[in-house]
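What follows is one structure encoded as structure tokens, with my remarks underneath.
All of the numbers you see were taken from the coordinates with simple rules; none came from a lab. Given the structure is predicted, the values throughout are model-derived calculations rather than measurements. As a convention, Cβ positions derive from the backbone with ideal geometry for all residues, glycine included, and neighbour counts pool all protein chains shown.
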Amino acid sequence: MTRTVALFVTCLVDLMRPRIGFAAIRALEAAGCEVVVPEGQTCCGQPALNSGDRDHAVALAKQTIEALEPYEAVVVPSGSCAGTIRCHYPELFEHDAVWLPRAQAVAGKTFEVMAYLDEVCGWRPEGVALDAKATYHDSCSGLRELGIKAQPRRLLKGIDGLHFAPLKGEETCCGFGGTFCVKYPAISNAIVGEKADAIDATGADLLLAGDLGCLMNMAGKLNRKGSKVRAFHAIELIAGMGDGPAIGEEA
Amino acid sequence: MSGAVDTATFKERADMALADRILKVAVERTAGTAETKRAVAVDAFPDFEAARDRAAAIKDHVVAHLGAYLEEFEANAIAAGAKVHWASTADEACRIVIDICKAAGAKSVARSKSMLGEEIGLPHALAEAGIGRVETDLAEHIIQLADERPSHIIWPAMHKTREQVSALFKAKHRSPHEEETIAAMAESARRELRTQMLGADVGISGANFLIADTGAICTVTNEGNAELSLVPPRVHIVTAGIEKIVPSMPHAIHMLRMLARSATGAALTQYTTFYTGPKRAGDRDGPEEMHIVLVDNGRTKMREEGLAEMLRCIRCGACMNHCVVFRQIGGHAYGGTYPGPMGAVLTPVFDGLKQSRDLASACTLNGKCQEVCPVRIPLPTLLKGWREKSWREGLEPTSMRWGLGLWAWVARRPALYRLGTGVAVRAMQMLGKKGWIDRLPLAGGWTRYRDMPKPAPQTFMEQYRKERRQ
């Protein structure tokens, strides 16, 4: 049976690193899914929601719900965007009898991409090889809102030649925090500076994570400090696209 | 709030803290150790998650029935011989305490560390009334000598290194330590404090718990200073927030197990004492009078205005010990009585949101605080509640309001959004070199400290459409 899934690309992947979206499609198709990209999507509204701008958050949530509700499942290459839809949309419409059931319905069928591949499809990468040492950072929203921890590791285990160096403080926030990193840049810098040092200390070639925002923050800091560690979204490796340019490398 | 007028903004205080490398060492030593020890204690505890559920349920129950439990407590405390006073504000609470001290003819009081006392500004009120104050908790003693404010709710002097404390003792103690060991320093503090403790006219403490069915109050310390400073004086005054109530001893014991483990990783504090009324006929020691001042100071309002879950807080400090922001800037930068995540939720209640709106925003919403909270307070949700209020009340900067408003306006028009994002990535393309952008207009906060990866020449949506057409 073919599963038809809608890919919610996320605004950051759309804008900054499209190949994460294509990697998600490739992996989902390899797992036997038919992937569609709904037209009406833009951003899930998380920046407005986390800034206290409830009206705009509600408006964007409604737009996103309308775009995604026709599909049997929604897959997102980001723990924090998936977390917004799964956990926070129902909260937003807590007192709205019309929109609450619609928000709950979409929330119930929305998955982070690696969790979907692992838990729903029971899929593992086949014939994917990459000779490298990687370290993994657990992005906070995925970890704490969706329980994403073992799923990406199980999928990455299927890549021949890839081995792992544990990251000290792998569950410690990298200091991105959405608008936090530009509102309080000095504090954010202190946090990501420690994270970059910890990443460097692993001796890994690759930094992997499941959220582009955190990855851009860590990769940007690593590059500024002259580190040689290269950063990828884990789904890129899982889809067999780990031989391409890392974040911040020219294609 | 007591103490010197602090005119610096949150960002200025945070910048000062970030520049202070000694502070970083001090915070890391204490919070790092606490984090490690707590993890060990929680692992060894059979089903800590279920224990957290129970702790949260106990607190929710008493907060929902606060009036009834407080009345029960009052009746039992009176029956045990204590006098119970009610204070709705911080000023009223201080006035009650000062009046009791004056009636007792007190020249000096011995105080056992209490964050409620700090919250209501009691040290300041005592000074204004000309009453001498001896802080008997070792860390509070350090803070008093340095004329500072606590920077952590469990370790008020956590911002100081032992090297700094040694220098302070040598400057201020009458017969300071000579040997540079922690034991010698502790001995120096003991020499300094013990006579002052025993000579105090009144002992003042807070309460970790108020036990409704016995009228007892409970204090926990690791130094025994509460016992030593509360039993000898003629009068014992307790100041406690009304949310400290628990129905009975078994509930207090459950909360104690959560409190000690969450705070320090210990199974129990060194000293856990229950005080029920003043000295009774036949007792060999104890105060002649015991006064309990029950303080509201915004708590009833919190319950009514969406912050009821915050009243579960048992002041363990786990949220701040595990907070990436606190670990970088320490407690003083928060500017309120309570620092860290719980302080960021509480400070707007006491000091006003206008003064403290930064606190809720200076958080990455990573959720670690909620994960370690022994009473499952949804701290990130409560912080987002303050952000929403701040947005509604127009306290957020105009640039942020306009920027977010414009972005949301475009994001609600998918066709226009596609055009705009296409233009944006091509504009960013021009700014970058070798895959990275080191200076980005309007994103200086980002590029000041880190590089921005150059986006691909086309957005995902552009590439996807092109592929599908082929």
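For a Förster distance of 56 Å, can you work out the FRET efficiency between the beta-carbons of B:Glu178 and B:Ser399, rounded to the nearest 0.05? Step by step, r from the Cβ atoms, then E = 0.45. When only the Cβ of Lys, Arg, Asp and Glu is charged (+1, +1, -1, -1), the dipole of the protein assembly as shown relative to its Cα centre reaches about 1420 debye. The phi torsions of the range B:50-61, fed into the Karplus equation with coefficients 6.51, -1.76 and 1.60 and a -60° offset, translate into couplings of 5, 5, 5, 4, 5, 4, 5, 5, 4, 5, 4, 5 Hz, rounded to whole numbers, with Gly and Pro shown as x. Working note: Karplus 6.51/-1.76/1.60 with θ = phi - 60° gives the range A:147-154 the couplings x, 8, 8, 7, 4, x, 5, 5 Hz, where Gly and Pro are set to x. For chain A, the residue among A:Val192, A:Pro90, A:Ala57 whose Cα projects farthest onto the positive side of the dipole built from Cβ charges is A:Val192.
DSSP beta bridges fully contained in the protein assembly as shown are about 20 percent antiparallel. Placing unit charges on the Cβ atoms only, positive for Lys and Arg and negative for Asp and Glu, gives the range A:129-251 a dipole magnitude near 300 debye about its Cα centre.
Which shape class applies to the range B:234-316: rounded if a/c is under 1.5, otherwise prolate when a/b exceeds b/c and oblate if not, where a ≥ b ≥ c are the square roots of the Cα gyration tensor eigenvalues? In terms of gyration-tensor shape, oblate.
Calculated from the alpha-carbon coordinates, the protein assembly as shown shows an Rg and a Dmax of 28.0, 97 Å respectively. Under the convention that each Lys and Arg Cβ holds +1 and each Asp and Glu Cβ holds -1, the size of the dipole of chain A around its Cα centre is about 500 debye. Per-residue mean of foreign Cβ neighbours for B:410-417 is 5 (Cβ atoms of other chains, 10 Å radius).
Cross-link partners of A:Lys195 among aspartates and glutamates, defined as those whose alpha carbon lies under 13 angstrom from its own and excluding same-chain residues fewer than eight positions apart: A:Asp138, A:Glu170, A:Glu171. Placing pseudo-labels 7 Å out from each Cα toward the beta carbon at B:Arg465 and B:Ala186 gives an inter-label distance of 7.1 nm. When the chymotrypsin sites (Phe, Trp or Tyr not before Pro) in the range B:371-447 are filtered for DSSP coil states and for at most 12 other beta-carbon atoms within 10 Å of their beta-carbon, no site remains. Annotation: for a label point projected 7 angstrom from Cα along Cα→Cβ of A:Glu72, residues of the range A:1-27 with backbone N closer than 16 Å are A:1-7. Taking Cα atoms only, the orientation of helix A:54-68 departs from the longest principal axis of chain A by about 90 degrees. Counting Cβ atoms of other protein chains within 10 Å of each Cβ in A:220-231 and taking the mean gives 3.
For chain B, averaging the sequence separation of C-alpha pairs within contact (under 8 Å, six or more residues apart) and dividing by the residue count gives a relative contact order of 19 percent.
On the basis of the beta-carbon distance and an R0 of 41 Å, B:Ala443 and B:Phe45 show a calculated FRET efficiency of 0.35. Counting neighbouring Cβ atoms within 10 Å and putting the fewest first, the residues B:Lys454, A:Lys149 line up as A:Lys149, B:Lys454. For the protein assembly as shown, the residue among B:Leu168, B:Pro232, B:Pro46 whose Cα projects farthest onto the positive side of the dipole built from Cβ charges is B:Leu168. For the range B:298-431, a/c is not less than 1.5, where a ≥ b ≥ c are the root eigenvalues of the C-alpha gyration tensor, and a/b tops b/c. That puts it in the prolate class. The Cα center of the range A:171-198 and the Cα center of the range B:1-61 differ in position by 18 Å.
Averaged over peptide A:83-90, how many Cβ atoms belonging to another chain are found within 10 Å of each residue's Cβ? Partner-chain Cβ atoms within 10 Å, mean over residues of A:83-90: 0. Annotation: the residues B:Thr7, B:Thr300, B:Thr239, sorted from fewest to most other C-beta atoms within 10 Å of their own C-beta, follow the order B:Thr7, B:Thr300, B:Thr239.
Shape call for the range A:92-251 from the C-alpha gyration tensor, a ≥ b ≥ c root eigenvalues: rounded (a/c under 1.5), prolate (a/b greater than b/c) or oblate? It comes out oblate by the Cα gyration axes. Amide hydrogen proximity for B:Trp436: with H placed 1.01 Å from N in the peptide plane, the residues at 5 or more positions away or on another chain lying under 5 Å are B:Lys454.
Near the amide H of A:Ser78, within less than 5 Å, lie the amide hydrogens of A:Val113, all on another chain or at least 5 residues away, with H placed in the peptide plane.
In chain B, excluding the sites themselves, the longest stretch lacking any of the GluC sites (Glu not before Pro) that are in a DSSP loop with at most 16 other Cβ atoms within 10 Å is B:1-147. Among the trypsin sites (Lys or Arg not before Pro) found in the range A:195-236, those both in a DSSP coil and sparsely packed, with 11 or fewer other Cβ atoms within 10 Å of their Cβ, are A:Lys228.
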